[in-house]
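All of the numbers you see were taken from the coordinates with simple rules; none came from a lab. Model, not experiment: these values are computed from the prediction. Don't worry about glycine lacking a Cβ; one is built from the backbone with ideal geometry, like all the others, and counts go over all protein chains shown.
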Amino acid sequence: KRVFPDPRFPDPVRPDIEDLVFFLDSEDPGENAYLFDKAAEVRDIHCGRRMVVRGLLEFSSHCSNTCLYCGLNRNNLRAQRYRLSAEEISEGAALVHAAGIRTIVMQSGEDSFPADRLAEAIREIKKRFDLAITLSVGERSRADYALWKEAGADRYLLRIESTDEKLYRSMHIGREVATRLECLENLRGLGYQVGSGIMVGPPGQTAEILARDILFLAERECDMIGIGPFIPHPDTPFGSARAGGVPLTLRTLALLRLLTRNAWLPATTALGSMDRDYRTDALKAGANVLMPNFSPREVKTKYEIYPGKRCVTEGTGACAGCTERIAREAGLELDLSRADSLKMKTAP
Ligand code: 5AD
Ligand code: FES
């Protein structure tokens, strides 16, 4: 049973848009440091002083969507396409499990694979391993979502990308934010733990729009919220745009921590793929999830959503050692358990 708001805590303050814009725009190092410290403190109180870990398996780079920012979009003829076999997917799950991790995130482009093929893979993983399964395969019908839930999937990640209709249209061809909202509603209705999120700094995003997205994500009580900077991919229409700023991304993350308190907030791979690895900084600003890459080495470079992606040259599973180091640097305990949503409560 889902209980909102969490009865153990008083309602958090809901700032208005102007307040959020003020904090988003603030570049004062002292003020930022204060914001990050507060966010880490709120994280520690509401989630514990720990970093939870999800193993990521990118099982297909095929995509029928046209997101103008993403290297996997179907119009990018230079993108390298692959699809892992059922066996390779199982091997990936085995690796995640052997690393002691108890959540696998199965991500792909909007590959138009038949729903039962994925359902079969889910059943196989559930039969063989003690793993929570998070799916991240884009917009699909309610029936497909239902089939995968039935097969054993636990969670679903679908970023809203932007709640601003106009901005959303400028980032996608022939798609509407309303469809995303409907998908998120369907997922929630089916009992998935639902994650969403946005990129920080794509062309056309203003501080006001970002502030409204933050309020949207907080008010929806998303179980997990992924926040990463936009990184231009040269083979996409947004290829010559400027990248999103790291400090603005960290401020967004910290504000979301203050507003959501007990949501899972990953230190995203995009934050690890800038001029240096900023994932530890994210953890010090309120994040508490790491998603190391467990895709087979041969395909890692092919899943190129944006260039310079962290971990792609490492061997399969090499991130495990790194994961420990990052938690230590951030002063957090490593938690490999399935770590379900902190917003779910069992009925008294
Ligand atoms: N830079 C940063 N993040 C991106 N994503 C897609 N393309 C890019 C990019 N160029 C993000 C989207 C998507 C997630 C899987 O990756 O938010 O939901
Ligand atoms: Fe992947 Fe370090 S987290 S190599």
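Would you work out the relative contact order for the stretch 17-335, in percent, from Cα pairs under 8 angstrom that are 6 or more residues apart? Can you show the working numbers first?
On the way: 624 pairs, mean separation 78.7, N = 319.
Dividing the mean separation by the residue count of the stretch 17-335 yields 25 percent.
Structure remark: mean-square fluctuation, Gaussian network model of the chain, C-alpha springs under 10 Å; the largest value among Ile125, Ile17, Ile214 belongs to Ile17. Between amide H atoms placed 1.01 Å from N, distances below 5 Å from His172 occur with Leu68, all of them 5 or more places distant or on a separate chain. Taking amide H as placed 1.01 Å from N in the peptide plane, the amide H of Met51 sits under 5 Å from that of Glu333, Leu334, Asp335, each at least 5 places away or on another chain. So how far, in whole Å, is the C-alpha centre of the stretch 189-216 from the one of the stretch 19-68? Centre-to-centre (Cα) distance: 12 Å. For the pair the stretch 89-112 / the stretch 127-173, the C-alpha centres are spaced 15 Å from each other. Using just its DSSP H runs of length 4 or more, each adding -39500 (n - 2.57), the chain gives a mean residue ellipticity at 222 nm of -11500 deg cm²/dmol after division by all residues. The relative contact order of the stretch 52-94 comes to 39 percent, based on Cα pairs under 8 Å that sit 6 or more residues apart. Summarising the amide proton neighbourhood of Val105: residues at separation of 5 or more, or on other chains, whose placed amide H is nearer than 5 Å comprise Gly55, Leu56, Leu57, Thr134.
Summing Cβ point charges (Lys, Arg +1; Asp, Glu -1) relative to the Cα centre of the stretch 255-348 gives a dipole of roughly 240 debye.
Judged by the ratio a/c of the largest to the smallest principal axis of the C-alpha gyration tensor, the stretch 17-335 counts as rounded, that ratio being less than 1.5.
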